[in-house]
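Presented below is the structure to which this report refers.
The values are calculated or read from the model by the stated rules, or taken from the named source; none is laboratory data. Note that the coordinates shown come from a computational prediction; the quantities given were computed from them, not determined experimentally. Neighbour counts run over all protein chains shown; Cβ positions are idealised from the backbone, glycine included.
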Amino acid sequence: MKLLKNHLYIVSTPIGNLDDITLRALDVLKNSDIILCEDTRRSIKLLSHYRIKKKLISYHKFNEKKQLTNIIKHFNEGKILSLISDAGTPLLSDPGRILVNKCVEKGINVTSIPGPSSITSALSVSGFSDQFLFSGFLPKTERELEKVLTKLSNNEYTQIFFVPSKKINFYINNFKKFFSGRKILIAKEITKIHETLIREDINNLKVLKSPMKGELTIVISEKNTNNKTFDEKKIVNKIKKYLKKYTLKDTVNLILETEKINKNKIYDLCLKIKNEKNF
């Protein structure tokens with residue numbers, strides 16, 4: 001494969017298992033003059049495994065603005081550059097957006113070399129809807145997290161997050177509060193020998209006692225708008241109260257104003273209570 005000059009290649013790398021890399025990705029890395037790495041110490045393990053020896057430049061969130069002038073200079077010299085992250089597809093909660101925008105501004109072509117992603121990998125085994133919203137890493141403080149989850153909980157799509165494993169129980173408690181009635185998949189060490197997938201109804205999910213390491217991918221199922229669970233005891237009490245003042249039809253309509261439940265189901269429940277003696 002002949003690489004083109006004045007191109008930035010965005011190369012996806014394995015998220016765990018080193019065999020999960022495409023032939024095209026290897027070809028691009030072998031023929032690049034310079035490889036931009038989020039962490040050169042991590043990237044060199046992958047490159048050494050495939051006997052790739054190239055000039056590596058550290059490119060991460062703390063120096064990406066500072067490195068721009070130097071990187072553009074390499075392009076002007078006719079060098080071929082590739083960008084890789086520590087794992088998976090670059091720019092997805094990883095550095096690179098500033099560089100890509102600068103390349104677009106300078107007329108430098110940006111080419112994707114697709115491959116692994118923990119986002120799509122976790123979604124593919126979840127069984128949840130493929131209409132999803134990816135939010136990356138969530139806030140670490142309770143106050144900020146509540147603001148974000150309040151908005152996200154109203155979204156009907158599948159939700160995907162990254163969570164540091166050492167704070168998983170902090171997030172579990174908040175997921176139970178904001179995503180009640182949904183299901184959750186906690187994916188740990190995807191593609192590795194100790195890959196673990198924890199599946200549970202959020203309402204039944206308990207705090208995890210076993211210590212976990214690394215970064216977790218969290219997938220929360222789509223909002224179930226057809227079969228919403230409801231507090232029957234609370235609604236029965238409302239029905240009894242309304243039936244003492246209003247007609248059956250009005251009672252049904254009043255309940256439907258505050259409860260998003262199937263109308264026929266509410267009507268049947270109201271009728272049953274109305275026909276009971278001494279309700």
Original post:
Quick check: anything in the stretch 137-152 acidic (Asp, Glu), in a helix (DSSP H, G or I), surrounded by fewer than 18 Cβ atoms within 10 Å (Cβ to Cβ) and touching a Leu at 6+ places or on another chain (Cβ under 9 Å)?
Top reply: yes
Subject >> Qualifying residues in the stretch 29-48 (those that are surrounded by 11 or more Cβ atoms within 10 Å (Cβ to Cβ) and more than 29 Å from the chain's Cα centre (by Cα)) - the one nearest to Ile15 (Cα to Cα) >> reply: Lys30
**OP:** Tell me the strands (runs of 3 or more DSSP E) entirely within the stretch 1-111 that contain at least 2 residues that are in contact with a strand residue (DSSP E or B) (Cβ under 7 Å, 6 or more places away or on another chain), of a type in the set (Lys, Arg) and assigned by TED's automatic domain parsing to the domain that holds Leu216.
**Re:** none
